[in-house]
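The values are calculated or read from the model by the stated rules, or taken from the named source; none is laboratory data. What you see is a predicted model, and the numbers here were worked out from it, not measured in a lab. All Cβ positions, even for glycine, are placed from backbone atoms using ideal geometry, and neighbour counts span all protein chains on display. Side chains are part of the model used for accessible areas, which takes the heavy atoms of the whole protein and leaves out ligands, DNA and RNA. Shrake-Rupley method; radii C 1.70, N 1.55, O 1.52, S 1.80 Å.
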Amino acid sequence: MTFTALITENTDNGYQSRVGERELGDLPEGEVLVKVAWSSLNYKDALSASGNKGVTRQYPHTPGIDAVGVVEEAEQGPFSPGDAVICTGYDLGMNTAGGYGDYIRVPADWLVPLPDGMDPRSAMVLGTAGLTAALCVEALLDTGLQEDQGDVLVTGATGGVGCVAVSILSRLGFRVVAVTGKSDAHDWLKTLGAADIISREEALADANKPMLKPRWAGVVDCVGGDMLVNALKSLQYGASAACCGLVGSPQLNNATVLPFILRGVNLLGVDSVELPREVKQQIWQLLSSDWTPDLAALEAAEITREQLPEWFERILAGGVRGRVVVKVGG
C-alpha cells in the first residue's frame, strides 16, 4: 500500500524535499499505525530537511516531529482503532518517519490520547512547542513561583516555545516581560499577554559582570548561551530559570557559581522528548483546560506539505513568528 508523504533526499543539488509516494511497508516496526491528520512546523524539522546529521542520519526520510491522528491498527497496548492520539518527541521525525506522511507507525508508549475538548488541529497549533512551554511553566510553579513575586522573563519570545509560554503565564496571572529582537512583533506579543518587552541588547547588557541587579521572579529561557547566563545573574533570591533551548548557544561561557551560592537560584532543565508518557498526558490535559493559551493569536499560518520547503527556509532564517500548522490528512 502506498501513501503520500514529504520526502527529503540527498541529491546532486543537496538535500531536497518533495511530496511523493512511500510504501506502508517502509515504515519502521511499532505496535500502532496512525493515520495522520495534522502536523506542525518546528526548527528541528527544518534541520532534518536540510540534511543535519545531528538530527537525521539516513535519507530518504520523512520529517515531522509532531503528529495527531487516528489509530488504524494496534497490535497491543492501551489503544484501539478509531482512537484519536497525539505523538510528539522520542524519535518521531528524526530517524523515524514523521508526521509529514499520511501514516506513522510507532511504539504505543510514544502516544497519548487526544484530550477531551481539544480538536486535532488545535493540538498541532501547540505541538512540541506547546508541550515544552507548559513543562517550563510547571517547573517554575513546582519551585514555588507565585504571581505576586514580580516579573517573569521569557527569552526567544517570538519562537514556538517562547510565544506559548508568554500566553500561558499571562493567563495564569503573571506579569510577563518578553525578549525579542523583532521590533515588528511588539504588538503581537502584547496581544499574547506580555506586559513589557525588552530588546536582545538590553537582555544581554553587562554580560561581563559576574552578578546583576535582582530583577526576575522566574525565567523561561528558550535561547541558552549568554542570554541564559544574564538571566541567571538577574534572578531574585531563591528564584528559578527553566531552560529548554540552545538556539543562541549550548555554551555557558560567562557563567559563574555566584548566582547559585549567593542568591540560591535554580537552573531547571526541561526536556519534552524522552518524557514519560504519563507526564505528557498530564500536561496535555492542562493545555486542553486551565492552561489553554490564545491559539488564534499564536497561529502564524496553515500550510500544506507542498509549501513546507519554502517554510523550512523561513524558519531557519528566523523569519517565522508563532506557530505554523501543517495539513496532512484529507
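Miscellaneous remarks
- Within the accessible area of region 77-211, the carbon and sulfur atoms contribute 44%, probe 1.4 Å, all protein chains present.
- The GluC sites (Glu not before Pro) of region 51-80 that meet both conditions, a loop assignment by DSSP and at most 14 other Cβ atoms within 10 Å of the site Cβ, are E75.
- Pairs of C-alpha atoms in region 31-135 farther apart than 21 Å represent 29 percent of all such pairs.
- Calculated from the alpha-carbon coordinates, region 57-197 shows an Rg and a Dmax of 17.8, 52 Å respectively.
- The spread of Cα positions in the chain, taken along each principal axis and listed from longest to shortest, comes to 63, 45, 35 Å.
- Surface exposure of the chain, expressed per residue as accessible area with a 1.4 Å probe, stands at 42 Å².
- For the set K182/K280; K44/K182; K209/K280; K44/K280, the pairs lying more than 29 angstrom apart at their alpha carbons are K182/K280; K209/K280.
- Region 213-330: Rg to Rh, with Rh as the Kirkwood radius over Cα pairs: 1.05
- When the Gaussian network model of the chain links Cα atoms closer than 10 Å, the mean-square fluctuations of G117, G127, G159 top out at G117.
- Note on region 42-92: Kirkwood hydrodynamic radius from all Cα pairs is 12.6 Å, rounded to one decimal.
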